[in-house]
Amino acid sequence: MADGEEVGNTQVIFRGYVSGFPNESDLYLANSRISLKVPEGSKAVVVKNLYLSCDPYMRLRMSYDANYFEPFRPGSVMTGNGVAKVMDSGHPSFSKGDLVWGITRWEEYTLVTATESLFKIPDTDVPLSYYIGILGVPGLTAYVGFYELCTPKKGEYVYVSSASGAVGQLVGQFAKLLGCYVVGSAGTKEKVDLLKNKFGFDEAFNYKEEQDLATCLKRYFPEGIDIYFENVGGAMLDAVLPNMRVHGRIAACGMISQYNLDKPEGIYNLMNVISKQIKMQGFITPSYFHLYPKFMETILPHIKEGKVAYVEDIAEGLQNAPSALIRLFSGHNVGKQVIQVAME
């Protein structure tokens, strides 16, 4: 294709604000056209999207009141993290052919004007999709929440909810590398088996099969929990609090059980935060992007030496993007949910 040629561009469009559980019909496909040449004098880049990331926070952006995220605009193209190849660049930091990861749109090609949100991919010895997973925001989230906020020590007792997801699977493995005792929970037998047999968790359980979560946690942690990596919220958080040890730490990175509720569940055991002197800290990963180089120095050797495993659930094609995102919220995904848009 000639430079500057205008090509067809399939896009995934957000239909309108969602109340309750989202459906595939909340997104739809559309076709447009785009020039593969940046506008004259622009410092933008045109990229070909290769992989797109499905993340829990996107559910928040589908609501009018998106909390700390800007909501998606009805009728607009979905946005999120992705891996892409530069087709043309007016920016001195990027050249045609560069591989990048960062914020892009859910479409085949994107004109990126906010180039500060793009990062060059320095190492191609690992799958490119890893840069929206283990080497991207989910990986940094696990690193920051576990190492920086929870300050773990060898031999401590660690519990991870939603443990087979993009973040949880890494937290558990980080804890095992440090010599901690680790238990994870998930929602299917397949995921529980994955935690124990693939990721090396000491124990794992299906929370859907437990009638009393607090009693269940007491069974796995008779001496209490030192560190809880919070991905779920609601009843799970309420069950964890009385099982925490004195001076326990909780890193709250998500509460996916609450995202589809019109009225969030209440927490009744908060008094434990005081009586057990628990440190509970919420965080959003963009506040810690300055730690990305340090994180990469830690994680890349682990991957190349086979000390850390990572599981992805890859949907092929933009036509499957709506179902891939909904799979994330229904718990049908196994591992990091990714959309493959194109080959490099």
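Laid out as a table, the results:
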| read-out | value |
| --- | --- |
| Highest-first arrangement of 142-149, 194-201, where packing means the average Cβ count within 10 Å | 142-149, 194-201 |
| Rule-of-thumb Rg ratio for the stretch 283-344 [Cα; 2.2 N^0.38 Å; N residues] | 1.42 |
| Contact order normalised by residue count of the chain, Cα under 8 Å, 6+ apart, percent | 17 percent |
| For the stretch 304-344 versus the stretch 4-72, the gap between their alpha-carbon centres in whole angstrom | 17 Å |
| Cα centroid of the stretch 101-135 to Cα centroid of the stretch 170-236, whole Å | 31 Å |
| Residue-span extension gain [Tyr68 to Asn269] - 0.36 nm each, minus C-alpha spacing | 69.8 nm |
| Largest-first principal axis extents, alpha carbons of the stretch 137-286, Å | 36, 35, 30 |
| Proximal lysines to Lys153, defined as alpha-carbon separation beneath 20 angstrom and excluding residues fewer than eight positions away on the same chain | Lys176, Lys276, Lys279, Lys294, Lys307 |
| Percent RCO, i.e. relative contact order, over the stretch 1-148, from Cα pairs under 8 Å lying at least 6 residues apart | 24 percent |
| Normalised contact order of the stretch 137-286, rounded percent, pairs of Cα under 8 Å and 6 or more residues apart | 22 percent |
| All aspartates and glutamates inside 18 Å of Lys218 as judged from Cα atoms, apart from same-chain residues fewer than 8 positions distant | Glu156, Asp202, Glu203, Glu209, Glu210, Asp226, Glu230, Asp238 |
| Given charges at beta-carbon only (K, R positive; D, E negative), |dipole| of the stretch 137-286 in Debye | 320 debye |
| Sorted peptide list for 77-85, 266-274, criterion being average Cβ within 10 angstrom, highest first | 77-85, 266-274 |
| Candidate lysines for bridging to Lys189, where Cα separation is under 18 Å - those fewer than 8 sequence places away on the same chain excluded | Lys198, Lys208, Lys336 |
| Radius ratio Rg over Rh of the stretch 73-210, counting only Cα atoms, Kirkwood formula for Rh | 1.08 |
| From the C-alpha gyration tensor of the chain, square roots of 5λ in Å | 37, 22, 17 |
| Relative counts (whole %) of C-alpha pair distances in the stretch 229-317, using bins that are 5 Å wide | 3, 11, 14, 16, 15, 16, 14, 8, 3, 1, 0 |
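Read-outs throughout are calculated quantities, based only on the coordinates presented, and are distinct from any laboratory measurement. Only a predicted model underlies this, so the values are computations on that prediction, with no experimental measurement involved. So basically every Cβ, Gly included, is an ideal-geometry build from the backbone, and we count neighbours across all protein chains shown.
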